[in-house]
Amino acid sequence: MEQMTLFGNSRSMTPLASRLRPDTLEDFVGQEHLIGKGKILRQLIERDQISSMIFWGPPGVGKTTLASIIAGRTKSEFINFSAVTSGIKEIKEVMNRAEQSRCAGLRTVLFVDEIHRFNKAQQDAFLPYVERGSIILIGATTENPSFEINAALLSRCRVFVLKALDEDDLVKLLGNALKKPEGFGSQNVQISPENIRAIAEFANGDARTALNTLEMAVLNGEISADGIRVTTEGLAQCISRKSLLYDKTGEEHYNLISALHKSMRNSDPDAAIYWMMRMLEGGENPLYIARRLIRFASEDVGMADSNALQVAVAAYQACHFLGMPECDVHLTHAVVYLSLAPKSNALYTACEACKKDVRTRRAEPVPMQIRNAPTRLMKELGYGEGYEYAHDTEEKLTHMQCMPDGLKDRVYYHPTDQGEEEKAAKRLEEIRKYKTL
């Protein structure tokens, strides 16, 4: 019997997302690539043949719900474990219990929510029990398992990638919430298809956000004898600002800066502005973005337009002087300039090629002719002997070898014909031709 309160029964106090959590695969919305008819995860669940696995995906896409469905179907003891509230002591207690069950011929499925919050030592505590088969581990994480899960533990788990729900999935989910008795099925909620679609768009692939927003809109709807009416004006107050998925230290951070860099490299200023603004709106430090633009100016533009470096440095200084929100236009200035600039990675390839030689080849001695000779002894030993002063020649060039003998034929810088670098290429060709005479 449900407990009554001043505000109705206790069930009505449960969030909508929890009330509507499905307990069968048929009611689950989304992730068709994993649990559609004939897909591998669906088969494993239906046959109760699951092995240790990691569910990786953004918030609100069904990781915990899938674990709950497995709990309802498996013939094993199911233990729900949170990395947020549990430590080594709790892990050992659960593992000992699982080991006792294994000895008695029983299987234990351990679901660990937010497994990435465990440090490496805590994750290691699971490893021997997974190896012995004492537990079947199901971990849920919003972070890239490659970075956050121990390699040894990860190698013993199958990773299933859950995707953000598309708008049609969310519209279906919201429709179910309005019809089902566990949701608002008994309250005659009136909401237009356009407003349902607006909630789905606002949720940004997150089912929990979609349901929470619908619940807020209904609770703030206009109540009449005919039911509850959700108006466009009332809904607008619930979705006034979208919460962007962005973790300044996680994978999405690197995804977005990669998208910005590659959009500029591909000379797409619109895409570059979009990804930059996504980072700023997500709370990224503008100085971090400005530093990446400085790197890009030499790595991807280089000598094709040396002004690019000056623009990027100026944008950094502007961000330092003004900060957010005013400096967003300066970053936009730099991003557009770099996107439209002619591109050359000749400086980057020269840098990397030389770096490889420095790191892998023997440390060559400095040729005697370009060594400094500040003392008489050093002059007697031949330091500086044969040095040719370029300013003494009409061409301001000499035939003197500056490379060590072991590297004298190495060429690192290969200029392109893009933008201003074409002039550098012609000048270098003249210099190299002169030196071979």
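The values are calculated or read from the model by the stated rules, or taken from the named source; none is laboratory data. Model, not experiment: these values are computed from the prediction. Please note: Cβ atoms are built from the backbone with ideal geometry, for glycine as well, and neighbour counts cover all protein chains shown. Each accessible area value is taken on the protein alone, full model and side chains, heavy atoms only, with ligands, DNA and RNA left out. Shrake-Rupley method; radii C 1.70, N 1.55, O 1.52, S 1.80 Å.
Looking only at region 276-294, which residues are of a type outside the set (S, T, N, Q) and either open to solvent by 70 Å² or more (accessible area, probe 1.4 Å) or not in a helix (DSSP H, G or I) (or both)? Walk me through how you get there before you give the answer.
First, pick out the residues of region 276-294 that are of a type outside the set (S, T, N, Q): 276-284, 286-294.
Correct list: 281, 282, 283, 284, 291, 292.
Report, by residue number, each residue of region 367-387 that is closer than 23 Å to residue 428 by Cβ, open to solvent by less than 90 Å² (accessible area, probe 1.4 Å) and assigned to a loop (DSSP other than H, G, I, E, B).
367
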Handout entry: Of the criteria (1) under 19 Å from residue 158 (Cα atoms); (2) open to solvent by 10 Å² or more (accessible area, probe 1.4 Å); (3) without any contact (Cβ under 8 Å) to a residue 60 or more places away in the chain; (4) not hydroxyl-bearing (Ser, Thr, Tyr), which one residue 69 fails
Key = (2)
Exercise for the section: May I ask you to list the residues in region 183-200 that are over 13 Å from residue 235 (Cα atoms) and either crowded, with 17+ Cβ neighbours inside 10 Å or within 25 Å of the chain's Cα centre (by Cα) (or both)? Expected result: 183, 184, 189
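Residues that are in contact (Cβ under 8 Å) with a residue 40 or more places away in the chain and not hydrophobic (A, V, I, L, M, F, W, C): does region 369-378 have at least one?
We begin by selecting, within region 369-378, every residue in contact (Cβ under 8 Å) with a residue 40 or more places away in the chain; these are none.
Scanning region 369-378, I find no residue that is in contact (Cβ under 8 Å) with a residue 40 or more places away in the chain and not hydrophobic (A, V, I, L, M, F, W, C), so the answer is no.
So, of the residues in region 388-425 that are in a helix (DSSP H, G or I) and surrounded by fewer than 12 Cβ atoms within 10 Å (Cβ to Cβ), which turns out to be modelled with the highest pLDDT? Walk me through it before giving the result.
If we filter region 388-425 for residues that are in a helix (DSSP H, G or I), which is where we start, we get 390-392, 405-407, 421-425.
Applying the additional criterion that residues be surrounded by fewer than 12 Cβ atoms within 10 Å (Cβ to Cβ) yields 390-392, 405.
Numbers: 390: 90, 391: 93, 392: 88, 405: 87.
Among those residues, the one meeting the criterion is 391.
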Fill in the blank from the handout: When restricted to 334, 271, 297, the only residue assigned to a helix (DSSP H, G or I) and under 15 Å from residue 419 (Cα atoms) is 297
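Identify all residues within region 90-107 that are under 33 Å from the mean Cα position of the chain (by Cα) and open to solvent by less than 80 Å² (accessible area, probe 1.4 Å); write none if there are none. If you could, list the steps in order and put the result at the bottom.
Narrowing region 90-107 to residues under 33 Å from the mean Cα position of the chain (by Cα): 90-92, 94-95.
90, 91, 94, 95, listed by residue number.
Given the criterion at pLDDT below 85 and either crowded, with 18+ Cβ neighbours inside 10 Å or not hydroxyl-bearing (Ser, Thr, Tyr) (or both), identify the matching residue among 126, 111. I'd like the intermediate steps shown before the answer.
Details: 111 fails: at pLDDT below 85.
The match here is 126.
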Fill in the blank from the handout: Within region 360-379, the residues that are farther than 23 Å from residue 399 by Cβ, over 52 Å from the mean Cα position of the chain (by Cα) and of a type in the set (A, V, I, L, M) are 377, 378
Practice task
Just one of (1) open to solvent by less than 90 Å² (accessible area, probe 1.4 Å); (2) assigned to a loop (DSSP other than H, G, I, E, B); (3) free of Cβ contacts under 8 Å to residues at least 24 places away in the same chain trips up residue 355, so point out which.
Solution key: (2)
Handout entry: Number of the exception - residue 337 against (1) among the aromatic types (Phe, Trp, Tyr); (2) within 30 Å of residue 262 (Cβ to Cβ); (3) exposed (fewer than 10 other Cβ atoms within 10 Å of the Cβ)
Key = (3)
Fill in the blank from the handout: Output for Cβ contacts, cut-off 8 Å, separation at least six or different chains, first residue closer than 17 Å to residue 90 by Cα in region 118-142, second open to solvent by 10 Å² or more (accessible area, probe 1.4 Å) and of a type in the set (Asp, Glu), reads 129/99; 134/99
Practice task
Give me a count of the residues in region 145-183 that are outside any helix (DSSP H, G or I) and over 17 Å from residue 53 (Cβ atoms).
Solution key: 7
